[in-house]
Amino acid sequence: MAEITLEQQIVRELKDIVKDLYSAEVGDSQLQLQATRKDFEGDITLVVFPLLKISRKNPEQTADDLGRELTQRLEQIASYNVVKGFLNLKYSESYWNGVLERISSAEDFGQAAPTGKTIMVEFSSPNTNKPLHLGHIRNNLLGSSVASLLKANGHNVIKVNLVNDRGIHICKSMLAWKMFANGATPESAGIKGDHLVGDYYVAFNDAYKKQVEEMVASGISKEEAEKNAPVMKEAQEMLFKWENGDKETVDLWKMMNGWVYDGFDQTYRRLGISFDRTYYESQTYLLGKSLVRKGLDMGVFEKREDGSVWCDLTSDGLDEKLLLRSDGTSVYMTQDLGTAHQRFSEYNLDEHIYVVGNEQNYHFQVLKLILKKLGFGWADAIYHLSYGMVELPQGKMKSREGTVVDADDLVESMYQTARETSLELGKLEGLSEKEQSELFEMIGLGALKYFILKVDPKKTMLFDPKESIDFNGNTGPFIQYTYARIKSILRKAAENGFSKGVNGTCLLPKEISLLKQLDAFPAKILEAGEAHSPALVANYAYDLAKEFNQFYHDVSILREENEAARSQRLELISAVAGVLSKSMGILGIDMPERM
């Protein structure tokens, strides 16, 4: 059973006080507690106005009544002050010392107890016709950090990837490779497999565009040219062969997809991304057909004269949705119906989170509604974590034109920027070349991950690599540097034989401010988990780092002559380092011991 918090104790006592003083019952909604504003003395504030009808006194008198009784009944309340209709309560020294002791002694501070809930998070979902790009980076970082956040909230989490490894887009790369590659492989070309395949996807579109232009110049309409361009016809024929199991086509598909998987794995490893299970569209795209048959039998779907199957959602304020084409082939919605059914059957999920861009908002609205119509109560457990696109200073990206920001290139450029910045600042004394390289990787990836994850997922964001790696301001390197600074202080303390520990020494206001921030960590993890928003954790880490730096500027630590005060401050900053590490760990960011 969870320990009752001081705030809960205050609410409980206030109910008794109101009953004793005013002979009235009061509900939780009438007892509004909030953090005391920084320009007033106190730790927590009660808004008194909702109680005035009960007390039949003015705000100041009511607040004074309640404050006087609370200080007598709760030893944790040291004093109070009244500002108009607000009762500001100040916690006692012993309370804050207890908070530090509780945080320091906790084996896993901030980690919630197991809830027994199982949550699946699907993210990444790349196509095997091109390498991962900046948009994929946001998707992967968001999915991975949400999974970590949910684990911190005590849930059992399953991370899955659905690889889009079939379809006309794959055949375009395959056909262009046959036409232009002369048997090139990743080894012979000296490039990653996903990059090689992506180059031929661009080559296909170049050839297609050229053919369309030539056909239009010869007098054919653009619409006809786009439909009948020879390379497009050949790509469609290749897709037909693949779906009918043609050995040569399937062997080529397996070989080129293998190259792409190897390339993806390299990128995932560098980004620190992993999955518990990977699904492949080539194995799942037929799953939904049995559900379509079920829907027809139930009268939920209708078959039209041309043989196509539809679900009419107009009475629900949506449109009509195609589920099977007239030739019997499935669409993305059909597959998503099937995979959702498969996963809930396999894992008995309490929630299934799809990390997908906001351009698919309508798709997931339709998916949930159709599943409900099919009688699946678990449809309400589907959650679309909709996120905004990532844009660059120069505008949007277009993969078929080869103008995307490649994920591998971006990660490498972040490494180089971290290297240049660190060398300029001269923060590498005593580090070997290997240690320096590891540090550049840590800083570069920390900058990239933090800059992307500090933004609310729902918002479209502008990514600026230069801004992300600044060692000042709301950036990953600033928080990493703060952590490294604390670690340096603790090393020097150990070298000097200084111990750390909680001993009840009088706390300074700056120490209490730090403790308040630390104490808020579990609640912030809970809030962020419920909102599916790593941004809340990212900005919490920044606020904590800022608070520490203000403390470090104003308060002596190693030079403190009072041994008890020094020992307790070392314990306090050690707790700060631990919480910073946990916060950034949820974001997938490693923390350097030295910078």
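The values are calculated or read from the model by the stated rules, or taken from the named source; none is laboratory data. The structure displayed is predicted, hence computed values, not measured ones. With ideal geometry, Cβ positions are generated from the backbone for all residues, glycine too; neighbour counts draw on all protein chains shown. Side chains are part of the model used for accessible areas, which takes the heavy atoms of the whole protein and leaves out ligands, DNA and RNA. Shrake-Rupley method; radii C 1.70, N 1.55, O 1.52, S 1.80 Å.
For segment 147-210, what is the largest minus smallest coordinate of the Cα atoms on each principal axis, given in angstrom and ordered from greatest to least?
Largest to smallest, the principal-axis extents are 54, 26, 16 Å.
When you have a sec, figure out the Kirkwood radius of segment 13-77 from all distinct Cα pair distances and drop it here in Å to one decimal?
Result for segment 13-77, one decimal place: 12.3 Å.
Between Lys19 and Glu530, take the C-beta separation as r, use R0 = 30 Å, and let me know the FRET efficiency to the nearest 0.05.
0.40
With a 10 Å radius around each residue's Cβ, average the other Cβ atoms per peptide and rank 270-283, 520-533, highest first.
Ranked from most to least packed, the peptides come out as 520-533, 270-283.
Per DSSP H run of n ≥ 4, the term is -39500 (n - 2.57); total these for the chain, divide by its residue number, and report the mean residue ellipticity at 222 nm rounded to 500 deg cm²/dmol.
Estimated from H runs of four or more residues: -18000 deg cm²/dmol.
Keeping the other protein chains in place, figure out the carbon and sulfur percent of the accessible area of segment 62-153, with a 1.4 Å probe.
Taking all protein chains in place, segment 62-153 shows 47 percent carbon and sulfur surface.
What is the dipole size for the chain, taken about its Cα centre, with +1 at each Lys and Arg Cβ and -1 at each Asp and Glu Cβ, in debye to the nearest 20?
Rounded to the nearest 20 debye, it is 420 debye.
Above 24 Å lies some portion of the pair distances; for segment 486-594, what is it as a whole percent of all C-alpha pairs?
So the portion of pairs separated by more than 24 Å is 27 percent.
log₁₀ I(q)/I(0) of segment 288-424 at q = 0.16 Å⁻¹, via Debye over equal Cα point scatterers, no solvent, to two decimals?
One equal scatterer on each Cα of segment 288-424 leads to -0.90.
What percent of all Cα-Cα pairs in segment 550-595 falls into each 10 Å bin, going from 0 up to the bin containing the maximum distance?
Distribution as computed: 24, 42, 27, 7 percent.
Bin all alpha-carbon pair distances of segment 178-227 at 5 Å intervals from 0 and give each bin's fraction as a whole percent.
Values per bin, smallest distances first: 4, 20, 21, 15, 12, 10, 9, 7, 1.
Per residue, how much accessible area does segment 145-202 show when a 1.4 Å probe rolls over the protein heavy atoms, in square angstrom?
32
Whole-Å semi-axes of segment 196-300's equivalent ellipsoid, largest first, each the root of 5 times a Cα gyration tensor eigenvalue?
Output for segment 196-300: semi-axes of 32, 26, 14 Å.
Can you list the HN-Hα couplings for segment 302-318, worked out from phi with the Karplus curve (6.51, -1.76, 1.60; θ = phi - 60°), rounded to whole Hz and with x for Gly and Pro?
In residue order, the calculated couplings are 10, 9, 9, 4, 7, x, 6, 10, 10, 10, 8, 10, 5, 5, 9, x, 10 Hz.
Between Lys458 and Asn228, how high is the FRET efficiency from 1/(1 + (r/R0)^6) when r is the Cβ-Cβ distance and R₀ = 45 Å? Nearest 0.05.
0.60
Using all Cα-Cα distances in segment 336-399, what percent lands in each 5 angstrom bin from 0 up to the longest?
Taking all Cα pairs of segment 336-399, the binned fractions are 4, 15, 25, 20, 13, 8, 7, 6, 2, 0 percent.
Could you sort out which of Lys15/Lys459; Lys19/Lys151; Lys117/Lys372; Lys492/Lys524; Lys222/Lys459; Lys500/Lys524 sit more than 30 Å apart by Cα distance in this structure?
Beyond 30 Å between Cα atoms: Lys15/Lys459; Lys19/Lys151; Lys492/Lys524; Lys222/Lys459.
Give the dimensionless ratio obtained when the Cα radius of gyration of segment 11-163 is divided by 2.2 N^0.38 Å.
For segment 11-163, the normalised Cα radius of gyration comes out at 1.61.
Determine the per residue accessible area of segment 23-78 with all protein chains present and a 1.4 angstrom probe, expressed in square angstrom.
That works out to 59 Å² per residue.
Before I look further, what does segment 500-595 give for accessible area per residue, probe 1.4 Å, in whole square angstrom?
Per residue, segment 500-595 has 40 Å² of solvent-accessible surface.
Compute the Rg to Rh ratio over segment 412-456 from the alpha carbon atoms, using the Kirkwood formula for Rh, and round to two decimal places.
1.04
Answer with one residue from Gly497, Gln236, Gly357: the one whose Cα lies farthest towards the positive end of the charge dipole of the chain, charges on Cβ with Lys, Arg +1 and Asp, Glu -1.
Checking the options against the dipole of the chain, the answer is Gly357.
Could you tell me what % of all Cα pairs in the chain have separations over 39 Å?
For the chain, the share of Cα pairs beyond 39 Å comes to 45 percent.
Which Rg and Dmax, in Å, describe the Cα atoms of segment 420-568?
Computed over the Cα atoms of segment 420-568, radius of gyration and Dmax are 17.7, 51 Å.
With only alpha-carbon atoms counted, please give the Rg and Dmax of segment 254-345, in Å.
17.4, 52
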